[in-house]
Amino acid sequence: MSLANSAFLPEKPETLEPTQPDTAAGPISAMVRDMLVALGEDPRREGLVKTPSRVEKSMRFLTSGYQTDLEEVVNGAVFESDYRDVVLVRDIDIFSLCEHHLLPFYGKAHIAYLPEGKVLGLSKLPRIAEMFARRLQLQENLTQQIADAVQSLLNPRGVAVSLECSHMCMAMRGVQKVGSTTVTRALLGAFSEDSKLRRELSMLEGAGQGGRLWGA
Ligand SMILES: [Zn+2]
C-alpha cells in the first residue's frame with residue numbers, strides 16, 4: 001500500500017462511497033459503515049472496505065438462533081424409554097453475545113435431566129443450548145431458557161443446567177477482570193428439591209471443572 005493511499009494522506013475527496021461495491025451489503029452493513037465513520041475511521045480504506053458486510057454476515061450467524069425454534073431443533077428426536085437415572089451432557093461449548101454490550105461471553109454448559117418415560121436424542125441438548133446462545137443474551141436467562149426447554153420437551157422428574165462463562169464485557173472493559181468466570185445454574189423438579197441428587201450429579205461429573213457447579 002502506497003503512502004498516498006494511507007489513512008494519513010487521503011488523496012480522494014471526502015466521500016463515503018466505498019472503493020468497491022460491497023455485494024453482501026444489507027441494512028446492518030450500512031449501520032456498521034456509519035459506526036466506522038462515527039469512530040473516526042475511513043470506511044473506504046483497504047482493510048475496512050468489506051468490513052461492514054463481514055460484520056453483517058457475522059452478526060447474522062451469531063444471532064441465527066432467532067431464525068429457529070425448539071421444534072425445528074429437536075426435529076422429533078424424543079423417544080420413549082424406561083431409563084430413569086440421570087442423563088448428563090457436560091462441557092458443551094457456549095458462545096453467545098451479551099445483550100448489554102453486544103460483546104461475547106463464552107464457556108461451558110452442563111445439562112442434566114432425570115427421565116420419566118421419555119429421553120431426548122443426545123445431540124439435541126447441545127443444539128438446544130446453541131439455539132438459545134445464538135441470540136442476544138444474559139447468562140442468567142440463557143441458563144433458565146435451556147432448563148425450561150428440556151422441561152417442556154420431556155416433562156422429566158428433574159432438570160439441572162449449569163453454565164460457567166467468561167464475559168468479554170468484564171475482561172476488555174468495565175472492571176477489566178480477565179480471569180473471573182460467572183457461574184449460573186437452573187434447577188427444576190427433583191434437582192431443586194433434593195440436595196442428595198445434586199451431590200450425586202457432582203460426583204458423576206467427577207473432580208472436573210464442572211463438578212463444583214451444582215452445589216450441595
Ligand atoms: Zn455485557
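The values are calculated or read from the model by the stated rules, or taken from the named source; none is laboratory data. A quick note: this is a predicted structure, and the numbers were derived from the prediction, not measured. All Cβ positions, glycine included, derive from the backbone under ideal geometry; neighbour counts span all protein chains shown.
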- line: Matching residues in region 37-91 (more than 24 Å from the chain's Cα centre (by Cα), of a type outside the set (G, A, S) and in a helix (DSSP H, G or I)) number 3
task: From the list G121, G107, G76, G117, pick out the single residue that is touching an Asp or Glu at 6+ places or on another chain (Cβ under 7 Å), over 24 Å from D194 (Cβ atoms) and modelled with pLDDT of 95 or more.
output: G107
query: Being farther than 20 Å from S202 by Cα and either within 16 Å of the ligand (Cβ to nearest atom) or not assigned by TED's automatic domain parsing to the domain that holds D93 (or both), is that true of even one residue in region 109-130?
result: no
The lone exception for F95 - which of (1) more than 16 Å from the ligand (Cβ to nearest atom); (2) free of Cβ contacts under 8 Å to residues at least 40 places away in the same chain; (3) touching a Leu at 6+ places or on another chain (Cβ under 9 Å) it fails: (1)
- request: Report yes if some residue within region 201-211 is surrounded by 15 or more Cβ atoms within 10 Å (Cβ to Cβ), assigned to a helix (DSSP H, G or I) and at pLDDT 95 or above; otherwise report no.
  value: no
statement: Filtering region 47-87 down to residues that are under 23 Å from A160 (Cα atoms) and surrounded by 15 or more Cβ atoms within 10 Å (Cβ to Cβ) yields G65, L70, V73, V74, V86, V87
- prompt: For region 164-198, how many residues are touching a residue at least 12 places away in the same chain (Cβ under 8 Å), within 16 Å of the ligand (Cβ to nearest atom) and charged (D, E, K, R)?
  reply: 1
message: Going residue by residue through region 149-158, is there one that turns out to be more than 13 Å from the ligand (Cβ to nearest atom), assigned to a strand (DSSP E or B) and at pLDDT 95 or above?
response: yes
Some residue of region 143-163 being within 28 Å of S195 (Cα to Cα), hydrophobic (A, V, I, L, M, F, W, C) and surrounded by fewer than 18 Cβ atoms within 10 Å (Cβ to Cβ): no
